[in-house]
1. Pop the C-beta distance of Glu54 and Ser87 into the FRET formula with R0 = 22 Å and round what comes out to the nearest 0.05.
2. How far apart, in nm, are two points set 7 Å out from the Cα along the Cα-to-Cβ line at His158 and at Lys42?
3. Considering the options Ile96, Ala198, Tyr71, tell which one lies farthest towards the positive end of the dipole of the chain, charges being +1 on Lys and Arg and -1 on Asp and Glu at the Cβ, about the Cα centre.
4. Below 9 angstrom from the Cβ of Arg70, what's the summed charge of the other residues (Lys, Arg +1; Asp, Glu -1)?
5. Under a GNM of the chain (C-alpha, springs under 10 Å), which listed residue has the highest mean-square fluctuation: Leu52, Leu138, Leu186?
6. Angle check, please: helix 53-67 long axis (alpha carbons) against the longest principal axis of the chain (alpha carbons), in degrees 0 to 90, nearest 10.
7. Once you place label points 7 Å from the Cα toward the Cβ at Glu32 and Lys216, how far apart are they in nm?
8. If you average the alpha carbon positions of region 173-192 and of region 82-112, how far apart do those two centres end up, in angstrom?
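No lab work stands behind these numbers, since they all come straight from the coordinates. Computed from a prediction, not measured in an experiment: that's the story for all the values here. Neighbour counts run over all protein chains shown; Cβ positions are idealised from the backbone, glycine included.
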Amino acid sequence: MDNRIYELLPQLFTRSEVMILDFNQIPSDLDEYKNIKHFFEKSQRLKIDPKLAESRQRFNNEFLVKSGKRYLISRYAEDRSEMLRGSKIAEEGRTIHLGIDIFSKDLESVYSPCAGEIILNGNEEGSHSFGYYLILKLDLIVSNSFLFLGHLSKNLPHLGKVDKGQLIARLGDYVGEENGGWSRHLHVQLLQDLPESASSIQGYSSKESLKENLIKYPDPSFLVFK
């Protein structure tokens, strides 16, 4: 079996840069246009909500254009306490992100990273949800997991078998909250067990539950980084 991974997004392996979202781990000498902590602070001084999808999209676009990259990639199991301050999940103590986000300027196409089967798709309604999503059973020796992809376009694929490299979706937009009301990005998360719907998937963990959640939602980095 060929276990090489096909890029989820075009040029993902060659035109991407990691974006640090844990404010406490941002280097002091980081270029200003890459520093999301400073962006949050400046926006708040100007009485602009930095959490709004259009605000985040402006920051992402500037980062992408100035760096010459196509994607910004978050880190697995990253603590986003400061970014989530004041939100419901932060009040619940769930601030550690259990997947990887791939941010883009455009509404990119999404491809199957390997042969598999789309076994579930749907729409989690409401603001700050997963929006349209699909779950792909991976045919990989190195993984017996299910791949969850969120924040997609409403034009979802049919259930059934897919080939490696097959077009399966496009990113959804925040306009009209097609993607759940977030800036343009793909949420990538591995699941050890098949859920009934996206609403039962934990996107964030508390520190107390992190150990067990890292088992339930394994690191998907091998699908994102070459």
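1. On the way: r = 18 Å, r/R0 = 0.80.
Using R0 = 22 Å, I get an efficiency of 0.80.
2. Simple spin-label model gives 4.9 nm for this pair.
3. It is Tyr71.
4. Values: positive: Arg15, Lys69, Lys105; negative: Asp106, Glu108.
For residues surrounding Arg70, the net value is +1.
5. Greatest mean-square fluctuation among the candidates belongs to Leu52.
6. Once rounded, one gets 90 degrees.
7. 4.3 nm
8. 8 Å
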